[in-house]
Amino acid sequence: MDPTQAILLALVVVVMGWFAFGVIWNIRRGNAVLKWMQGGLPRVGEKTTLRWLGSSAVELTIAKARPPFRQVSLVLVLEPRDVPWFWLFARLNGRRDMLIVRGQLVAAPPFEFDLLTPRSWSERQTTGRGEARQWESETLADARFRAPAPTRSLSRQIAPAALDAARKVQPTVWRLSARRESPQLELHVPLPDPRRVDAAQFFNALRALAEQLSRR
């Protein structure tokens, strides 16, 4: 066999092997978290719609959630392990396996803000988008705080307690956002480890966070 052909064949084998390994890894990781969630999801709502978005994301939707939620969407975002160059790019940009929670609340908060971990993937994805482009930024605790001028003072009073509540959901919080419009709650945290985190406690803490943002 020509050396060039041998090298190309080896590259194809490596890429295909990586793809198969990455898909299997992500599916197993996603299924383990989904199985873990069954122990806590009833705290938020009974009927859940699930769909895989490729091999790197799973979306769960609860159309009729329990108060203080009206509707909840949970997205398991996995690293793109099936394509090596995408995985490397994601790693270099700080993206890890994460859970994104988007909630529509029964009572919308009377304020808006973002709390972002500096230099995180969530911060890069949030800053400069939509209305937040005009929001001033400052450091609050160890997070970057952003809020619109009309509700900035109120938001600054509420944000520290909301961040404490979010850290009872997961100690590491990459993004916590409150909005008047849906989704009124958005939370980005590392994907929970089913071996170390109690599902019922996790979802009870998530409801407590929603209640914190719903208070007027």
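Descriptive notes on the structure:
- q = 0.14, 0.16, 0.25 Å⁻¹: log10 I(q)/I(0) that the Debye formula gives for region 96-155, counting C-alpha atoms only: -0.44, -0.58, -1.21
- Placing pseudo-labels 7 Å out from each Cα toward the beta carbon at Ala208 and Asp142 gives an inter-label distance of 2.0 nm.
- Projecting the Cα atoms of Ala162, Gln134, Gly94 onto the charge dipole of the chain, computed from C-beta unit charges around the Cα centre, puts Ala162 farthest toward the positive end.
- Choice from Gly17, Gly103, Gly40 with maximal GNM fluctuation in the chain (Cα, 10 Å cutoff): Gly17
- Comparing Ala108, Ala149, Ala178 in a Gaussian network model of the chain where C-alpha atoms under 10 Å apart are linked, the largest mean-square fluctuation is found at Ala149.
- Reported value for region 3-214: 128 Å³ per residue, from the convex hull of its C-alpha atoms.
- 0 to 90° range, to nearest 10: angle between helix 199-214 axis and the chain longest Cα axis: 40 degrees
- Taking Thr126, Thr61, Thr49 in turn, the Gaussian network model of the chain (Cα-Cα springs below 10 Å) assigns the largest fluctuation to Thr49.
- Positive-end ranking of Trp52, Asn26, Ala178 along the dipole of the chain, with charges on Cβ about the Cα centre, is headed by Ala178.
- Backbone geometry of region 66-78 corresponds, through the Karplus equation with coefficients 6.51, -1.76 and 1.60 at θ = phi - 60°, to 3J(HN,Hα) couplings of 7, x, x, 7, 9, 8, 9, 10, 10, 10, 8, 9, 9 Hz, x marking Gly and Pro.
- Point-charge dipole on Cβ atoms (K/R +1, D/E -1) for the chain, about Cα centre, debye to 20: 540 debye
- The chain: relative contact order as a whole-number percent, Cα under 8 Å and 6+ apart: 22 percent
- Taking Lys and Arg as +1 and Asp and Glu as -1, the other residues whose beta-carbon sits under 10 Å from that of Glu138 total +3.
- Cα-based convex hull, region 13-101, per residue volume (Å³, whole number): 84 Å³
- Dipole size of region 127-216 about its Cα centre, with +1 on Lys/Arg Cβ and -1 on Asp/Glu Cβ: approximately 100 debye, rounded to the nearest 20.
- Whole-percent pair-distance distribution, where bins are 10 Å wide, for the alpha carbons of region 145-201: 20, 48, 24, 8, 1
- Between helix 3-37 and the chain: long-axis angle, C-alpha atoms, 0 to 90°, nearest 10: 30 degrees
We did not get these values from a lab; they are worked out from the coordinates using the rules stated. Predicted, not measured: the structure shown is a model, and the values here were computed from it. As a convention, Cβ positions derive from the backbone with ideal geometry for all residues, glycine included, and neighbour counts pool all protein chains shown.
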